[in-house]
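See below for the structure under consideration.
The values are calculated or read from the model by the stated rules, or taken from the named source; none is laboratory data. The model shown is predicted, which means the values in this text are computed figures rather than measured ones. When we count neighbours, we look across all protein chains shown, and the Cβ atoms used for this are built from the backbone with ideal geometry, even at glycine.
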Amino acid sequence: MRANSLTRLSALPFLLVTVLAVSGCASTVEVASAKDSNNPACAPMMVALPDALADAGRRTTSSQATAAWGDPATVVLRCGVTPPTPTTDICVGVNGVDWVIKEGDPTWTLTTYGREPATEILLDPKKVNSSTVLAQLSSAANKLPRLRGCVGPSDVENLPATG
C-alpha cells in the first residue's frame with residue numbers, strides 16, 4: 001500500500017505540469033460580441049467554421065457568435081454585425097459570398113455583403129493571406145441568408161434607362 005501511495009505522489013507533479021501546460025495553450029481570446037450576435041441565423045455558420053484556418057488552430061473566444069484562429073489570434077470573426085449599406089469600397093466575390101474590404105493599418109476588416117446578419121473578419125494581411133481566409137470561410141458564410149450582392153461599374157452601365 002505504501003508503494004502505491006508513493007507512485008500516486010510521484011505522478012502528481014507530472015499531472016500538475018500537464019494540466020498547466022494544456023490550460024496555458026488554451027487561453028480564451030477576448031472578443032466583443034456583435035450587436036445581433038444572438039440572431040439564430042448565425043448558428044449554422046458558427047457550426048460550419050473550420051477548426052484550422054490558414055494553418056492556425058481555432059481558439060476559444062469569450063463571446064457568443066465569435067471565433068478566433070492563431071496564437072496570438074491572427075484572424076477574429078464576429079457574426080451579427082450591422083450589414084454594410086451600398087458602398088464604393090472594394091467588394092470581392094469568393095465562392096458565392098461577397099465581402100466588402102476596408103483596408104486599415106495594420107488590421108483589415110472584411111464584412112459579408114448582402115447577407116443578414118452580416119459577419120465581420122478582422123485580420124492583419126502581413127500575418128495571414130486574406131484570399132486564403134476568405135476561401136476557407138466562404139462555405140460557412142454561405143449558410144447566412146443572402147438578400148443581395150455586390151455590383152460593379154459594368155452592372156451600372158447596363159441598367160435600363162429610366163425616364
Discussion item. Tally up the residues in the stretch 100-131 that are at pLDDT 95 or above, of a type in the set (Ser, Thr, Tyr) and farther than 18 Å from Pro145 by Cβ, please.
Written reply: 2
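Results for (1) surrounded by 15 or more Cβ atoms within 10 Å (Cβ to Cβ); (2) closer than 24 Å to Arg59 by Cα; (3) acidic (Asp, Glu), shown as yes or no for each residue.
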position	(1), (2), (3)
Val76	yes, yes, no
Asp89	no, no, yes
Val92	yes, no, no
Ile121	yes, yes, no
Ser139	yes, yes, no
Worksheet item: Any idea how many residues of the stretch 84-111 are of a type outside the set (Val, Ile, Thr) and touching a residue at least 24 places away in the same chain (Cβ under 8 Å)?
Response: 8
Worksheet item: All but one of (1) buried (at least 16 other Cβ atoms within 10 Å of the Cβ); (2) at pLDDT 95 or above hold for Ala54; which doesn't?
Response: (2)
Worksheet item: If you go through the stretch 38-83, how many residues are of a type in the set (D, E, K, R), farther than 18 Å from Thr111 by Cβ and in contact (Cβ under 8 Å) with a residue 24 or more places away in the chain?
Response: 2
